Every structure is written in structure tokens, then in C-alpha cells.
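This report refers to the structure that appears directly beneath it.
The values are calculated or read from the model by the stated rules, or taken from the named source; none is laboratory data. Bear in mind that the values here come from a model prediction, so they are computed numbers and not experimental data. Using ideal geometry, Cβ is built from the backbone for each residue, glycine included, and neighbour counts are taken over all protein chains shown. The accessibility values were calculated without ligands, DNA or RNA, using every heavy atom of the protein model including side chains. Shrake-Rupley method; radii C 1.70, N 1.55, O 1.52, S 1.80 Å.
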Amino acid sequence: MCIRDRAYINRMTGPKILELKNLEQLKAVIEQKIMRSILVGNEQKFLPLYEEIAFPNNDIGFFYANETIVKEIFTDVSLGQIIFLKESDEYMTVFKSEFTKENLKGFFELYKRPLVESANQPVMQKITQKGGPKALFLFRNKSAPGTPEIVEEFKKVAKSMRSLDQFFVETGITEGLEKKVAAYFGIEKTDLPTLEYIGLLYTSPSPRDLSTSRMPSSA
């Protein structure tokens, strides 16, 4: 059975870590479109905890390989680190912390989440629930001049400030649920582009204004 088929079955029937025994298998995993995690090293001191953390994360393909094999492609990684790959936002993130259950849990919970979310129902439910995470909203007009630059700046801020209790949401004001979100904050077309952070309205009239230096201090 090929790596691609095995990973798919693992995701459907339950998580299981799979060893990559050669460079060809490693390349096959890299080419997959699912989220995938590659542990650097096949030492027994890492594997039980790695397999345990895979159990609640069955939307990720979990793999491990000898350090020598991994370094054929990822030259800067070290034994006990984890390469996490996904197709959106950030292609590659590396776990470099102490190899503990708490650190691993926090890493996957944070980095499998999109860097910038959309204002969909699951995200809004998490944000609006009692004791839920904080959120910084970017309300923008997709077709307006300068919007791509604004969005890129927003992603840079999200990358520098990301945490488990902080969401970053990019949204318009004209479609579906985003209409209700905009109405809740009192955002109108003439306000765009605008940042909203826990009730603090901040208007950004040009792409240059959307930067960490101009962010509300509470953010």
C-alpha cells in the first residue's frame, strides 16, 4: 500500500503514526495536500508521546523518519523537532520546544488553525462564547484598491501576535453571516477598511496605516 493510501485510511479509521523509511516515502508525504506532521528521529523516547498526541488530531497525517533521511530535504531541523506542513497560510512550521505533552498539544492546537480565519459560524461561536478567545477583525472590501496589501499586513500582524486565546478574522460585510457580524459592530461600507478589536473601533484609511505601530495598544 502506498503512503498516500495509508495516510488516508489512517485518517478515516483512527490516527496512527507511520514510519518513513526512505527519501522517496518522505517526498511522497511532502507532496500530499492534507495537513501532515513529520517527527525528526525514530528514537523510542519520542514515539509514545508523539503517538498519544496524534489521537485527538485525526485531521493530521502523523509520520516520523530517521534524522538522516529528513535532513536530505530539511537541512536545518534537529532530532526531536517536528515539521508541520499544510497548504494554506504558512506552508511549514517547526516545533522546537521541549518534547512534552503540554507543548505538543499547544503547538498542534495553534498551528493547525488558519493564521487568519473567516467569519464563519464555528469561528464566531468560539469567539462569542463565554470565556472565549479575543479577536481582531479586519473588515475590508475585496475589490477596493489596496486591499491585497492590507490583507498581507494583517497576516504579518497575525503571525507576530498569534496565540491560543487570540483569533484574527478577515471578512467583508455583504455576504451571509458577515452581514450580521458587520451589523453587530456597526460597520458600514464607508468605514472600510476597518479594524475592530474587543469593541475598540479603529479605522485604517490606507494600507500603510495597518501595521503593528498603529494597532490599538490593547491588541
Notebook entry, point to check: Going by the structure shown, is Lys130 without any contact (Cβ under 8 Å) to a residue 40 or more places away in the chain, surrounded by fewer than 20 Cβ atoms within 10 Å (Cβ to Cβ) and out of contact with any strand residue (DSSP E or B) (no Cβ under 6 Å at 6 or more places or on another chain)?
Noted result: yes
Next item on the list: Taking Ser163 as the residue in question, decide whether it is more than 12 Å from the chain's Cα centre (by Cα), surrounded by fewer than 20 Cβ atoms within 10 Å (Cβ to Cβ) and among the hydroxyl-bearing types (Ser, Thr, Tyr).
Entry: no
Item checked: Close pairs (7 angstrom Cβ cut-off, 6 or more residues apart or separate chains): within 12 Å of Ile38 (Cα to Cα) in region 73-86, of a type in the set (Ser, Thr, Tyr) and surrounded by 15 or more Cβ atoms within 10 Å (Cβ to Cβ) anywhere -> Ile82/Ser37; Phe84/Ser37; Phe84/Thr93; Phe84/Tyr111
Item checked: Positions within region 99-127 being without any contact (Cβ under 8 Å) to a residue 40 or more places away in the chain and of a type in the set (A, V, I, L, M, F, W, C), in sequence order -> Phe107
Note to self: So, Lys112, is that one open to solvent by 30 Å² or more (accessible area, probe 1.4 Å), under 16 Å from Phe62 (Cα atoms) and of a type in the set (Lys, Arg) or not?
What the structure shows: yes
Notebook entry, point to check: When region 55-79 is examined, which residues are found to be open to solvent by less than 10 Å² (accessible area, probe 1.4 Å) and over 17 Å from the mean Cα position of the chain (by Cα)?
Noted result: Phe63, Ala65, Val70, Val77
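Confirm whether Leu192 is among the hydrophobic types (A, V, I, L, M, F, W, C), at pLDDT 90 or above and farther than 30 Å from Phe108 by Cβ.
Values: among the hydrophobic types (A, V, I, L, M, F, W, C): yes; at pLDDT 90 or above: yes; farther than 30 Å from Phe108 by Cβ: yes.
Answer is yes for this residue.
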Margin query: On the basis of being touching a residue at least 12 places away in the same chain (Cβ under 8 Å), in contact with a helix residue (DSSP H, G or I) (Cβ under 6 Å, 6 or more places away or on another chain) and surrounded by 15 or more Cβ atoms within 10 Å (Cβ to Cβ), does Phe46 make the cut?
Written below: no
Margin query: Conditions first: (1) of a type in the set (A, V, I, L, M, F, W, C); (2) open to solvent by 30 Å² or more (accessible area, probe 1.4 Å); (3) under 25 Å from Pro114 (Cα atoms). Leu23 passes all but one, so which condition is the exception?
Written below: (3)
Item checked: Residues within region 115-153 that are modelled with pLDDT under 90 and closer than 19 Å to Asp59 by Cβ, tallied -> 2
